[in-house]
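The structure appears below as C-alpha cells.
Each reported figure results from applying straightforward, stated rules to the coordinates on display, with no laboratory input. In this text the structure is predicted, and so the values were computed from the model without any measurement. Methodologically, a virtual Cβ is constructed for each residue, glycine included, from the backbone with ideal geometry; neighbour enumeration extends over all protein chains shown.
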Amino acid sequence: EKNNYKNWHTAGINIVGSLLLGGITESSSSSKTKLLFGTGFCGSFTTFSTYSVDVVQWIRMGQISTALKYVAVNNVGGILAAATGMAIVRNMKQIIKQQKKL
C-alpha cells in the first residue's frame, strides 16, 4: 500500500513536468534556453523510467487494473497538462502584446 502511494506521486511529478515543458515549448525563449530548461530541468524532474518500472511491477504482481489506471493518468494527464502549459504561455504572450499597444 505504501509503495502504491509513492507511485502516484510519480504520476503527479510527470504531470507537473509536462505542464512546465508545454510552457517552455510555447515560450519565446531561444533554442538553447528551451533545451536547457526543457530537456535539462524537465527531463531530470520527470521520471519516465520510474513510471515504466512501476507499470511493469504492477503487471507482474497481477495488479493489471492499477497498472492501466496509472498509464492512463500519466499519459492523458501529461498530454492535457502540456496543452494547458502551452495555452497559458500563449495567452500570456497575447496579453503582453496587447499591453504594449496601449
(request) As a check on your grasp of the helix formula, calculate [θ] at 222 nm for the chain: sum -39500 (n - 2.57) over DSSP H runs of n ≥ 4, divide by the residue count, round to the nearest 500. (result) -27000 deg cm²/dmol
(request) Enumerate the amide H contacts of Gln63 below 5 Å, restricted to partners 5 or more residues apart or on another chain; note that Pro and chain-start residues carry no placed amide H. (result) none
(message) With only alpha-carbon atoms in the gyration tensor, what are the semi-axes of the equivalent ellipsoid for the chain, in Å, largest first?
(response) 34, 14, 9
(message) Quick one: 3J(HN,Hα) in Hz for the stretch 80-97, Karplus 6.51/-1.76/1.60 with θ = phi - 60°, rounded, Gly and Pro as x.
(response) 5, 5, 4, 4, 5, x, 5, 5, 4, 5, 4, 5, 4, 5, 5, 5, 5, 4
(request) Determine the relative contact order of the chain: mean sequence separation of Cα pairs under 8 Å and six or more apart, normalised by residue count, in whole percent. (result) 45 percent
(request) Could you order peptides 49-60, 13-24 by the average number of other Cβ atoms within 10 Å of their residues, highest first? (result) 13-24, 49-60
(request) Lys and Arg at +1, Asp and Glu at -1: add these up for the other residues within a Cβ distance under 13 Å of Ser27 and post the number. (result) +3
(message) Residues of the stretch 19-63 with the amide nitrogen closer than 13 Å to a label point 7 Å from the Cα of Val71, along Cα-to-Cβ, please.
(response) 52-60, 63
(message) Given Cβ point charges of +1 (Lys, Arg) and -1 (Asp, Glu) and nothing else, what value in debye, to the nearest 20, does the dipole of the stretch 1-67 about its Cα centre take?
(response) 120 debye
(request) Please count, across the stretch 9-102, the pairs of lysine residues with Cα atoms under 24 Å apart that sit 8 or more places apart or on different chains. (result) 5
(request) Please work out how much length the chain gains when fully extended from Trp8 to Gln63, using 0.36 nm per residue of separation minus the C-alpha to C-alpha distance, in nm with one decimal. (result) 18.4 nm
(message) Could you tell me the calculated FRET efficiency between Thr33 and Gln98, based on Cβ-Cβ distance and R0 = 22 angstrom, to the nearest 0.05?
(response) 0.35
